[in-house]
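**Student:** For reference, the structure I am asking about is given below.
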Amino acid sequence: METLLYILFSIICVLLIFIVLIQQGKGAGVGFSMGGASQAMFGGSGGRDVFIKVTAGLAVAFGVICIVLARMAVGDASGYRGAMANVPAAPAPRGLPGLPAGAPGAPVPLKAAPAPLKAAPAPLQAAPAPAQGSAPAAPSAPSGAGSR
């Protein structure tokens, strides 16, 4: 029954999309989208009234089936235990924090103090400044630039 409703729901969705897409605005008329054949096929109104009634009927059917499927899903959810229902639970870790000392599973105190942390490395020092007597040589003039 549920599979049949899903198939009917899918068909109604496709039909509703198709009917809405082929409708034109109030000014254009349906005759434009069908190449003028709608005047002969649907009468003077060009089928606009027919499309409106079909769209309304499909929309009502869509809403009703949507509510029925939702009710069916809620009814099925009472027996749902989750995807992990058959997976065994992991054992609790030993030494849980917050237990009083001496309680089973309480953390055991360390015998010796932990080793101190190493000191952070010294920061990098700036490069030494050049001596005052040794200034870099001035750049020479490019060849041929000064003579004309």
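Since every read-out is calculated from the coordinates, none of them should be taken as a lab result. What you see is a predicted model; the values in this text were computed from it and never measured. A quick note on method: Cβ atoms are made from the backbone with ideal geometry, for glycine too, and the neighbour counts reach across all protein chains shown.
**Student:** State the extension gain, in nm to one decimal, for the chain segment bounded by residue 86 and residue 118, taking 0.36 nm per residue of separation less the distance between their alpha-carbons.
**Tutor:** Taking 0.36 nm per residue and subtracting the Cα distance, the gain is 6.6 nm.
**Student:** Something else now. Multiply the residue separation of residue 69 and residue 56 by 0.36 nm, subtract the distance between their alpha-carbon atoms, and state the gained length in nm to one decimal.
**Tutor:** Stretched out fully, the residue 69 to residue 56 stretch lengthens by 2.7 nm.
**Student:** Oh, and also: Rank these for me by crowding, 48, 71, going from fewest to most other beta carbons within 10 Å.
**Tutor:** 71, 48
**Student:** Now a separate question. Just want the ordering: 124, 16, 5, from fewest to most Cβ atoms lying within 10 Å of their own Cβ.
**Tutor:** Ordered by Cβ neighbours within 10 Å, fewest first: 124, 5, 16.
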